[in-house]
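Below: one structure, written as structure tokens.
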Amino acid sequence: MPRLETLAARAGGPPAPAGGALAPPLQLATTFEHTPDGRLPHGFLYQRYDNPTQLETEQVLAALEGARRALLFPTGMAAGATALQALPPGSHVLLCDDSYFSFRTLAAEQFPRWGLECSIVDFTDLDAVRAALRPNTALLWAETPSTPRLKVCDIAALAAIAHGAGARLLVDGTFAPPVIQQPLALGADIVLHSATKYLGGHGDVMGGVLCFAEDGGHAAACHRLRLLGGATASPFAAWMVLRGVRTLAARMDWHCRNARRVAEFLAAHPKVAAVHYPGLPSHPQHALAAAQMRGFGGMLSFEVAGGREAALAVAARLRLFTNATSLGSTESLVEHRASIEGPGSPTPGGLLRLSVGLEHADDLVADLEQALAGG
Ligand SMILES: *Cc1c(COP(=O)(O)O)cnc(C)c1O
């Protein structure tokens with residue numbers, strides 16, 4: 001079995017029969033020839049059901065995650081919502097407290113309509129996780145590293161807790177794509193990625209994927225929901241994700257190195273009150289991150305001494321880091337998360353989140369240096 005870097009670099013290969021092309025083809029057909037009595041000699045019926053480009057991308061992502069099956073969606077939220085909607089009504093979901101803000105909003109606004117119960121727990125406290133289990137707990141929803149505080153939770157320990165309670169563990173691994181973290185190998189049942197981020201990698205495509213350890217009932221229910229609900233990725237989006245994956249390993253290596261440089265610079269700066277980056281020895285779960293990850297990723301956050309106003313001033317003075325949401329693209333981004341999350345946000349006012357891109361690290365550090373020095 002080739003290594004992950006090799007699988008990623010040749011995603012969509014070997015050469016297609018037509019002309020021996022090395023780059024994967026983009027198949028836009030909405031419908032596929034079947035027999036008069038409805039059998040599928042080519043395996044496909046209609047683009048919304050399954051289609052060749054989507055399937056190609058799913059097979060590559062499944063191989064990278066060590067999954068039995070992967071399902072692609074038009075966005076990360078569609079992937080996550082489908083995994084939740086496929087649970088039996090009356091199920092209880094344990095959501096980690098530092099999960100992506102839209103999932104916490106989804107739980108608050110939509111779970112009651114879907115017949116789901118939810119508790120929000122700090123997943124770095126395993127006793128609190130055990131105490132929150134209920135007889136109807138069906139899913140533990142972890143995010144590691146998490147946004148915006150870069151908390152790292154113990155995937156193997158959470159999987160053991162989930163399985164002991166007859167539940168599944170889903171890991172939102174968007175911050176740590178498969179070349180740096182493989183949750184299924186640690187016992188997780190499902191991995192979620194917003195492919196909009198590192199898998200696509202260039203800030204020009206949206207996508208989401210669910211990767212399943214078992215090709216069982218939950219995966220089948222998610223596929224059925226996608227087919228009937230219509231949350232199929234467009235072939236073009238699937239193809240863009242496939243294309244992004246070809247450079248994933250090289251990009252992640254550079255993202256990780258740049259983020260470490262930026263984190264070390266910030267940690268030593270007198271105007272910085274705290275830096276949240278799992279690669280720093282001062283991070284509370286640094287040892288765990290070192291054990292369960294192959295790199296610490298390109299995301300970090302830091303708290304500016306002086307709180308909200310000081311943080312907003314720093315964000316306004318940055319030139320290379322663009323004020324924009326999202327992450328995982330080639331260009332570096334900064335975001336004052338409390339402003340974006342709105343009035344109910346638990347995020348500290350002094351916190352700025354950075355998506356460290358692929359520029360030269362010296363330029364990134366110089367930009368932060370001038371922004372922190374003040375106007
Ligand atoms: C962006 C993001 C999502 C949602 O993905 P979309 O593609 O924007 O729908 C989910 N989880 C995490 C951690 C994210 O960063």
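The values are calculated or read from the model by the stated rules, or taken from the named source; none is laboratory data. This one's a predicted model, so the numbers in the text were calculated from it and none came from an experiment. Because the Cβ atoms are built from the backbone with ideal geometry, glycine has one as well, and the counts that use them run over all protein chains shown. Please note that ligands, DNA and RNA were not included when accessible areas were found on the heavy atoms of the full protein model with its side chains. Shrake-Rupley method; radii C 1.70, N 1.55, O 1.52, S 1.80 Å.
With R₀ fixed at 51 Å, the C-beta to C-beta distance from Arg39 to Ser102 puts the FRET efficiency at about 0.80. Between Pro2, Thr196, Leu150, the Cα set farthest toward the positive side of the dipole of the chain (charges on each charged residue's Cβ, about the Cα centre) is that of Pro2.
Can you tell me the order of 207-217, 182-192, 354-364 when each peptide is scored by its average per-residue count of other Cβ atoms within 10 angstrom, highest first? Before the final figure, lay out the partial values.
Details: 207-217: 21.7, 182-192: 23.5, 354-364: 19.0.
Going from most to least packed, we get 182-192, 207-217, 354-364.
Compare the Cα positions of Leu139, Thr30, Leu95 along the charge dipole of region 9-152 (+1 at Cβ of Lys, Arg; -1 at Cβ of Asp, Glu; about the Cα centre) and return the one farthest towards the positive end. Going by the charge dipole, the pick is Thr30. A 1.4 Å probe run over the protein chains yields, for the chain, 41 Å² of accessible area per residue, whole-number rounding. With each label modelled as a point 7 angstrom along the Cα→C-beta vector, the Ala373-Ser339 pair spans 2.3 nm. The simple spin-label model puts a point 7 Å past each Cα toward its Cβ; for His360 and Arg261 those points are separated by 0.9 nm.
State whether the chain is rounded, prolate or oblate according to the following rule on the C-alpha gyration tensor (a ≥ b ≥ c being the square roots of its eigenvalues): a/c under 1.5 gives rounded; otherwise a/b larger than b/c gives prolate, and the remaining case gives oblate. Because a/c hits 1.5 or more and a/b fails to exceed b/c, the chain counts as oblate. FRET efficiency for the Ala21 to Phe236 pair, using the beta carbon distance and R₀ = 25 Å, is estimated at 0.90.
Site pair Ala268 and Ala9 shows an inter-label distance of 3.4 nm when each label is modelled 7 Å from Cα along Cα→Cβ. Normalised by 2.2 N^0.38 Å, where N counts its residues, the alpha-carbon radius of gyration of region 185-290 equals 1.41. Please work out the C-alpha center-to-center distance from region 204-246 to region 280-298 and express it in whole Å. Comparing the Cα centres of region 204-246 and region 280-298, I get a distance of 29 Å.
Using a Förster radius of 56 Å, what is the FRET efficiency between Thr247 and Ala131 based on their Cβ-Cβ separation? Nearest 0.05, please. Show your work: numbers first, answer last.
Working: r = 44 Å, r/R0 = 0.78.
The value I calculate is 0.80.
Would you kindly state how much longer the chain becomes between Arg48 and Trp114 on full extension, computed as 0.36 nm times their sequence separation minus their alpha carbon distance, in nm to one decimal? All intermediate terms of the calculation are to be shown ahead of the outcome.
Details: separation 66, 0.36 × 66 = 23.76 nm, distance 2.37 nm.
Answer, rounded to one decimal: 21.4 nm.
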